[in-house]
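The values are calculated or read from the model by the stated rules, or taken from the named source; none is laboratory data. These numbers were taken from a predicted model, which means no experiment stands behind them. Cβ atoms come from the backbone with ideal geometry, glycine included; neighbour counts cover every protein chain shown.
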Amino acid sequence: MAKLQIVFVLYPGVTHLDFTGPHQFLVRTPNAQVTVASLGGQDIEAEGLTFTKLARLEDVEACDVICIPGGFGTTEAMQDEAFMAQVRRLGAGARYQTSVCTGSLILGAAGFLQGKRAATHWAWRDLLPAFGATVAEERVARDGNVITGGGVTAGIDFALVMLEELAGRDFAESMQLGLEYAPAPPFERGRPELARPEILAEMQKRMDAARAARSGAAADAASRMETA
């Protein structure tokens, strides 16, 4: 039996937990090969960690699951046509098109979210409609073969949804138990509607520093979709 091919696509400025969280779970999928790839096989620095010996994205022939993690580098990635061409190529043949956090913006820029419900980090939900997507506020949203996770830590919830899809509920539950995923945060403040107003305002201010560039990149990517 051919192995299920799962590919995580990395790019400069990726948030490492966006992919290491789900990778930790999905690497245990029965009869699966998990590949971590970057354009040209380049090393990827991610907030103090460097990922090396990566597969060349352009050499990955096909996959069953493509997963695009998010990160501050999403803005530049959407504008890198060589990178986006590989995402489109692999995603077009994938059985599942998936993402975590702002990776959904890259899926959108590749044309995979038109008419789909999709999740992303709460601060960037307003950019999804430019790609023809409907905003979903869940931790994990599924619309057909498109499965998207919300911000960063939602990648583990996303991974469990994928494990159930790929290997069944019993296996997914066993991995949740084995990796002791039983979150009990010390503060119930992890969503904007739960945050104290002053904390939300401060965090929004930090996000706004990147808003002009990312909004412009999303608009540019959306306009290229329309003329394609």
> Looking only at segment 1-19, which residues are more than 22 Å from D80 (Cα to Cα) and crowded, with 18+ Cβ neighbours inside 10 Å?
Replying inline: L4, Q5, I6, L17
> Can you name the number of the only condition in (1) over 19 Å from G103 (Cα atoms); (2) surrounded by fewer than 18 Cβ atoms within 10 Å (Cβ to Cβ); (3) touching a Phe, Trp or Tyr at 6+ places or on another chain (Cβ under 7 Å) that E188 fails?
Replying inline: (3)
>> Residues that are among the aliphatic types (A, V, I, L, M), more than 18 Å from D157 (Cβ to Cβ), at pLDDT 95 or above and not in a strand (DSSP E or B): does segment 10-17 have at least one?
In response: no
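Name the strands (runs of 3 or more DSSP E) wholly inside segment 84-159 in which the number of residues that are without any contact (Cβ under 8 Å) to a residue 40 or more places away in the chain and farther than 24 Å from A213 by Cα is 2 or more.
Result: 140-143.
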> Which one of these does L54 not meet: (1) farther than 26 Å from A167 by Cβ; (2) touching a Ser or Thr at 6+ places or on another chain (Cβ under 6 Å)?
Replying inline: (1)
>> Condition check: modelled with pLDDT of 95 or more, out of contact with any Ser or Thr (no Cβ under 9 Å at 6 or more places or on another chain) and surrounded by 23 or more Cβ atoms within 10 Å (Cβ to Cβ). Does A118 satisfy that?
In response: no
>> Just the residues that are of a type in the set (D, E) and surrounded by 14 or more Cβ atoms within 10 Å (Cβ to Cβ), please, taken from segment 152-185.
In response: D157, E164, E165
> Can you name the number of the only condition in (1) hydrophobic (A, V, I, L, M, F, W, C); (2) under 27 Å from A123 (Cβ atoms); (3) without any contact (Cβ under 8 Å) to a residue 12 or more places away in the chain that L17 fails?
Replying inline: (3)
> Of all residues in segment 28-59, which are closer than 15 Å to T98 by Cβ and either hydrophobic (A, V, I, L, M, F, W, C) or at pLDDT below 95 (or both)?
Replying inline: A32, V34, V36, A37
>> Just the residues that are touching a Gly at 6+ places or on another chain (Cβ under 7 Å) and outside any loop (DSSP other than H, G, I, E, B), please, taken from segment 47-73.
In response: A55, R56, I66, I68, G71
> L107 passes all but one of (1) over 22 Å from V152 (Cβ atoms); (2) of a type in the set (A, V, I, L, M); (3) surrounded by 24 or more Cβ atoms within 10 Å (Cβ to Cβ); which number fails?
Replying inline: (1)
> If you take the residues of segment 20-56 that are hydrophobic (A, V, I, L, M, F, W, C) and within 16 Å of G70 (Cβ to Cβ), which of them is surrounded by the fewest Cβ atoms within 10 Å (Cβ to Cβ)?
Replying inline: L49
> Within segment 148-169, can one find any residue that is modelled with pLDDT of 95 or more, in contact with a Gly (Cβ under 7 Å, 6 or more places away or on another chain), closer than 30 Å to A2 by Cβ and aromatic (F, W, Y)?
Replying inline: yes
